[in-house]
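Below is one structure; the comments refer to it alone.
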Amino acid sequence: QISCSNPVIIIENRVVVGGEVRWTEWTNRAIFDEQGHIVEFQAVGRDTDDRKRVEAELANAKQVAEAANHAKSAFLANMSHELRTPLNAILGFAQLMARHSSLPPSQRSHLEIIHRNGEYLLQLINDILSIAKIEAGRLTLEERTFDLVTLLVDLQTTFGMQAEAKDLQFICD
C-alpha cells in the first residue's frame, strides 16, 4: 500500500526560458511504502510569472500609497500650524477687545460671535489633525466633561445665523 500523507514541499524559483526570466512554482511530494522506502516522487510545476508580476505591482503601489499618505500627514501638520497661528491672533485680539467696558452691546455681541466661530474653526482644524492621527494609529482617547447646554447654545448661535441667511430654520431641541 502507498501512504499519501507525507508532507508537501513547495519551491519557487526563477527560470530562463528563451532568454526571458520567468517564475515557476514546484509542488513536490515523496510517496513511501509501508517500510518507509520511497516508491514514487511526484512533482508538479506551473508558471507563476503573472502572479509574481502582480505581487510586485501591488508592493510598488503600496509603497507609493504609503509615501502619499505620509506626504498628506506632513501637509496636514504643516497647514494646521499655518492656520492656527493667525487664528490664535484673531482669537487673542477678540478677547482683548472684549475686555474694554466701553464697547456698545452690539459690538460686544459681534466680538462674541467672532470668538465663538474662531473657537469652532480651531476645533475643526483639531478634528482634521485627529483624522490624520487616527489614520496613523496614534490617536488616544481623551475623556473630559463638558457643558452640553452651553454646547447646544453655541451650536444654535453659530449655525442659526448661517441657516437664517439661507432662509432655513435651525432648531436645537
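For every residue, the table says whether it meets (1) touching a Lys or Arg at 6+ places or on another chain (Cβ under 8 Å); (2) open to solvent by less than 70 Å² (accessible area, probe 1.4 Å); (3) in contact (Cβ under 8 Å) with a residue 24 or more places away in the chain; (4) outside any helix (DSSP H, G or I).
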residue: 102; (1), (2), (3), (4): no, no, no, yes
residue: 110; (1), (2), (3), (4): no, no, no, no
residue: 114; (1), (2), (3), (4): no, no, yes, no
residue: 119; (1), (2), (3), (4): no, no, yes, no
residue: 134; (1), (2), (3), (4): no, no, no, no
residue: 138; (1), (2), (3), (4): no, no, no, yes
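If you go through region 61-71 and pick out every residue that is open to solvent by 70 Å² or more (accessible area, probe 1.4 Å) and not β-branched (Val, Ile, Thr), you end up with 4. Flag set for residue 80, criterion: in a helix (DSSP H, G or I) and among the small types (Gly, Ala, Ser).
One line per residue, one yes/no per condition, for (1) under 33 Å from the mean Cα position of the chain (by Cα); (2) not polar (S, T, N, Q):
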residue	(1), (2)
73	yes, no
81	yes, yes
90	yes, yes
108	no, yes
129	yes, yes
140	yes, no
150	yes, no
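Restricting 83, 58, 91, 87 to those that are within 30 Å of residue 116 (Cβ to Cβ), hydrophobic (A, V, I, L, M, F, W, C) and open to solvent by 60 Å² or more (accessible area, probe 1.4 Å) reduces the list to 83.
The values are calculated or read from the model by the stated rules, or taken from the named source; none is laboratory data. Not measured: the values here are computed from a predicted model. A quick note on method: Cβ atoms are made from the backbone with ideal geometry, for glycine too, and the neighbour counts reach across all protein chains shown. These accessible areas exclude ligands, DNA and RNA; they are computed on the full protein's heavy atoms, side chains included. Shrake-Rupley method; radii C 1.70, N 1.55, O 1.52, S 1.80 Å.
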